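Some notes on the structure that comes next.
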Ligand code: ISL
């Protein structure tokens, strides 16, 4: 049989550079800062660094709005520093994954400026320009070409007064969507990707890559989506999630960019709304599209009508979801595993219990659960030290475009401002974006200046320096989990079987490979359990890794997690 790919035993660490480490005192993290902290990553043992965007950008969406694909924003440093980072990582046996944001550009990208300049521009067709809806006046209410709602509130269409046409933006109006139907667009992107690979980067995390193919009729018509309750807008996702040419585009990209290179690169497709069936097609090695997808089902389980309508997570739903993804990609394809990224609230606050008595154990329990699944685990900066949500108090505390747009839209639609603020506190992406807490000093060692988002006041107690030499820390636990994946073939490659699917508080499963078997049991609650009553084989099994000292084999304590080897 073929050797399993290297990334089946790898762990990825995500750096959101703006919030990671500042090296020049402007309060914004930068590449110099990443270079300063590189030994933190080596010490943790991670294999791959995924770097969120550092390209030139007006920063309307913190770099996910790119105005030049082949440079570094002075805010973050220089191309020379990026080369240094590549070398420093390679020296330590790590790889660099760049963030590839090619569903859209910034509205300040020269391509868009040129496209916007005239209806006759040779780049007009590089974006989605459309006249107002049949016979209506440009700018009239409801004259948008389709009824689709943007991810960041309001319609996806922005009127350009000069030409009287609208352009499409699935995200912010400063993030116009590229038209992948146009062959020149695809070629330009492939060339840019090859340029980065030739420079030494090891692959790409591809932002919302399942949205690049839109369902467009031969005459250029785009279809309305079903109306959204209580809104004049509709849900256009059927027209842009995994559209008709998505597999063709990704296979073409693979051929044009990756084919023929040695197999040490990595491609990760970030795919909101992807189904397990689609994911299997995307990641089946025989189809040569992407190595793994980053899917969102489990982080949507506490959403109601929208992410701002927060509901408690039901354990059965989590088990059903993870279980289905494990089974669906068992024979072909590969999972990404994560709780946190720069778009999600902090896991220990959201799925764990960040009250003082349970924070450490709930952080390590969640980590154990995730890292023992089959797939490639992702650690988001600060997760490895148990960073929690920020105690936001007022609207002025928020910086994120998604949060600010939502607030304007919800309040103008008549929602109670106190209620909107409460939802922002719980779900805002800014929870993930406060500076990494390195030590107990002022600004937690992140900057000598004024941080762009405030440092969480809990940094005095919760910081990397305090945990580095503490074997009972969250950090030490992450180190052990990562080492286990490297050393144990069952963790990397074993088959997955869910146990106790209907239990409301205990999450358990086995992993097995060629006669070797691990049993993983995690108590996601404050209730102690008699282990023998849940899993009779557990108390006698050998403990491989646990998150509590002084092990009492008979009792599964609140937020206790154990990895056991079955005889
Ligand atoms: O953040 C979200 C919901 O709160 C998601 O819908 C998110 O917008 C989606 O997962 C896509 O995210 C990616 O593309 C966005 C960017 O804002 C995110 O930071 C990025 O991860 C647009 O480029």
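Throughout, read-outs are computed from the coordinates displayed, never taken from laboratory work. Note that the structure is a prediction, hence the values are computed from the model and not measured. For neighbour counting, all protein chains shown are included, and Cβ atoms are generated from backbone atoms with ideal geometry for every residue, glycine included.
Brief remarks follow.
- Compared with the rule-of-thumb size 2.2 N^0.38 Å for a compact globular protein, the chain has a Cα radius of gyration ratio of 0.97.
- Förster radius 45 Å - calculated FRET efficiency between residue 70 and residue 532, Cβ distance, rounded to 0.05: 0.15
- Using alpha-carbon coordinates, inclination of helix 359-371 to the longest axis of the chain, degrees: 80 degrees
- Estimated 222 nm signal from helices in the chain, with DSSP H stretches of n ≥ 4 weighted -39500 (n - 2.57), rounded to 500: -7500 deg cm²/dmol
- Set of the range 113-152 residues, backbone N closer than 20 Å to the point 7 Å along the Cα-Cβ line of residue 217: 128-137, 142-149
- Helix 183-199 vs. the chain, principal-axis angle (Cα, 0 to 90°, nearest 10): 40 degrees
- Gyration tensor (alpha-carbon) shape descriptor, the range 352-407, a/c threshold 1.5: oblate
- Peptides 424-433, 301-310, 155-164, ordered by how many other C-beta atoms sit within 10 Å of their residues on average, highest first, read 424-433, 155-164, 301-310.
- Part-to-part distance (alpha-carbon centres) for the range 172-202 and the range 357-414, which is given in Å: 30 Å
- In units of the rule-of-thumb radius 2.2 N^0.38 Å, the range 110-168 shows an alpha carbon radius of gyration of 1.11.
- Linear extension gain, residue 264 paired with residue 320, 0.36 nm per residue minus alpha-carbon span: 16.8 nm
- When Rg and the Kirkwood radius Rh are both evaluated on Cα atoms of the range 5-45, their ratio Rg/Rh stands at 1.11.
- Note on residue 277 and residue 120: the model spin-label points, each 7 Å out from Cα along the C-beta direction, lie 4.9 nm apart.
- Using the Cβ-Cβ distance between residue 228 and residue 313 with R0 = 25 Å, the FRET efficiency computed as 1/(1 + (r/R0)^6) comes to roughly 0.60.
- Helix 417-427 axis versus longest C-alpha principal axis of the chain: approximately 60°, rounded to the nearest ten.
- Relative contact order of the range 190-303, defined on C-alpha pairs under 8 angstrom at six or more residues apart (%): 28 percent
- The per residue volume of the convex hull around the alpha-carbon atoms of the range 263-349 is 108 Å³.
- The value of relative contact order for the chain, using C-alpha pairs under 8 Å at least six residues apart, is 13 percent.
- Peptide ranges 126-132, 416-422, 245-251 listed from the most packed, as the mean C-beta count within 10 angstrom indicates: 126-132, 245-251, 416-422
- Ordering 7-18, 284-295, 312-323 by mean Cβ neighbour count within 10 Å, with the highest value first, yields 7-18, 284-295, 312-323.
- Cα shape, the range 494-566, gyration tensor, a/c 1.5 rule: oblate
- Zone of residue 6's modelled label, taken as backbone nitrogen in the range 20-50 under 12 Å from a point 7 Å along Cα→Cβ: 47-49
- Relative contact order [Cα under 8 Å, 6+ residues apart], the range 176-255, whole percent: 28 percent
- Prolate/oblate/rounded label for the range 310-385 (Cα gyration tensor, a/c 1.5): prolate
- Shape box of the range 415-505 [Cα atoms, principal axes, largest first, Å]: 47, 43, 20
- Over the range 217-303, equivalent-ellipsoid semi-axes from the Cα gyration tensor in Å: 30, 18, 9
- Estimated FRET transfer efficiency (residue 396, residue 540; beta-carbon r; R0 60 Å; 0.05): 0.60
- Inter-part distance where the range 284-313 and the range 18-65 are each reduced to a Cα centre, Å: 25 Å
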